[in-house]
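Since the structure comes first, as structure tokens, the remarks are kept for the end.
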Amino acid sequence: MADMSAFREAVTGWAAGAPGDPARESAERLGVRTVVLLEGPSDVAAVDALAGRRGRDLEAEGVCVLAMGGAMSVGHFARLLGPSGLGLRLTGLCDERERPFYARALEHAGAPRQPFFVCAADLEDELIRALGVARVTELVEAEGDQRALQTFLRQPAQQGRDPGQQVRRFLGTKKGRKIHYGRVLVEALPLDRVPAPLGDLLDDLSVGLRA
């Protein structure tokens, strides 16, 4: 199986100001065809989990799932990796409020027709709505976070807030928790209830593989 870690590290270094040759060489060696631009590692965990459940080996397909370290970096990464850079196919997930940034980034990178997929609030919100708050709470308890959740829900700021918003906020209260639950929530999803943005992204990667 291909190991995309070298390519991801080279691209991240390039985006931070290092030379681009290592990224170019790694892309050629690994046969990278497509890069999925995601805001952070919790989104990567969710995409990887769904790919695994569908029997997909994205790395072997030449797909690099890349956390950019923030949605506002999409323009920079699109320039480096798209037609004006390495010439790779680009796609990704973003939140509705970030749609204009993604659209402009792909246009400026010379890839306006390459699709990206939009979550209403964010991917965690999509997953919570697909599973339901009661099921997500069960999963939190099964993962040993019941006491932490109960403590969080007693905070004054959480009183009167929508239960879905409470759970969503809880997932972001501890470093690494969103990443962990990105995988846990996807692995618990019935495959006929996968949120449309996430499912459509995986379907698009299949189309890209055949192109």
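The values are calculated or read from the model by the stated rules, or taken from the named source; none is laboratory data. Quick caveat: nothing in here was measured; it's all calculated off a predicted structure. Reconstructed Cβ throughout: ideal geometry from the backbone, glycine too, with neighbour counts over all protein chains shown. Heavy atoms of the whole protein, side chains included, go into the accessibility calculation; ligands, DNA and RNA do not. Shrake-Rupley method; radii C 1.70, N 1.55, O 1.52, S 1.80 Å.
Which residue out of PHE77, PHE116 is more than 30 Å from GLN166 (Cα to Cα) and among the aromatic types (Phe, Trp, Tyr)? Talk me through it step by step, then tell me what you get.
Details: PHE116 fails: more than 30 Å from GLN166 (Cα to Cα).
That would be PHE77, the only listed residue that is more than 30 Å from GLN166 (Cα to Cα) and among the aromatic types (Phe, Trp, Tyr).
Take ASP200 and decide whether it is open to solvent by 30 Å² or more (accessible area, probe 1.4 Å) and either assigned to a helix (DSSP H, G or I) or out of contact with any Gly (no Cβ under 7 Å at 6 or more places or on another chain) (or both).
It is true that ASP200 is open to solvent by 30 Å² or more (accessible area, probe 1.4 Å) and either assigned to a helix (DSSP H, G or I) or out of contact with any Gly (no Cβ under 7 Å at 6 or more places or on another chain) (or both).
Quick check on my filter: what residues within the range 142-161 are touching a Lys or Arg at 6+ places or on another chain (Cβ under 8 Å) and of a type in the set (S, T, N, Q)?
Hit for the range 142-161 is GLN158, nothing else.
Does the range 164-197 hold any residues that are out of contact with any strand residue (DSSP E or B) (no Cβ under 9 Å at 6 or more places or on another chain) and either outside any helix (DSSP H, G or I) or of a type in the set (S, T, N, Q) (or both), and which are they? Give the steps one after another, and end with the answer.
Residues of the range 164-197 that are out of contact with any strand residue (DSSP E or B) (no Cβ under 9 Å at 6 or more places or on another chain), as a first pass: 164-194.
GLN165, GLN166, GLY172, THR173, LYS174, LYS175, GLY176, LEU189, PRO190, VAL194, listed by residue number.
Tell me, yes or no, whether the range 64-83 has at least one residue that is open to solvent by less than 20 Å² (accessible area, probe 1.4 Å), closer than 21 Å to SER5 by Cβ and of a type in the set (Val, Ile, Thr).
For the range 64-83, residues open to solvent by less than 20 Å² (accessible area, probe 1.4 Å), closer than 21 Å to SER5 by Cβ and of a type in the set (Val, Ile, Thr): present.
Within the range 1-23, is even one residue under 24 Å from ASP200 (Cβ atoms) and open to solvent by 10 Å² or more (accessible area, probe 1.4 Å)?
yes
Determine which member of the set LEU185, LEU189, LEU171 is more than 23 Å from LEU58 (Cβ to Cβ), under 19 Å from the mean Cα position of the chain (by Cα), at pLDDT 95 or above and surrounded by 20 or more Cβ atoms within 10 Å (Cβ to Cβ).
Criteria check complete, one pass: LEU171.
Looking at CYS64, CYS94, which one is touching a residue at least 60 places away in the same chain (Cβ under 8 Å) and in a strand (DSSP E or B)?
Numbers: CYS94 fails: touching a residue at least 60 places away in the same chain (Cβ under 8 Å).
The match here is CYS64.
Can you tell me which of (1) modelled with pLDDT of 95 or more; (2) in a loop (DSSP other than H, G, I, E, B); (3) among the acidic types (Asp, Glu) is the one GLU28 doesn't meet?
Here GLU28 clears every test but (2).
Filter the range 12-36 down to the residues that are within 17 Å of SER73 (Cα to Cα) and either in contact with a Cys (Cβ under 8 Å, 6 or more places away or on another chain) or of a type in the set (S, T, N, Q) (or both) and list them by number.
THR12, VAL35, VAL36
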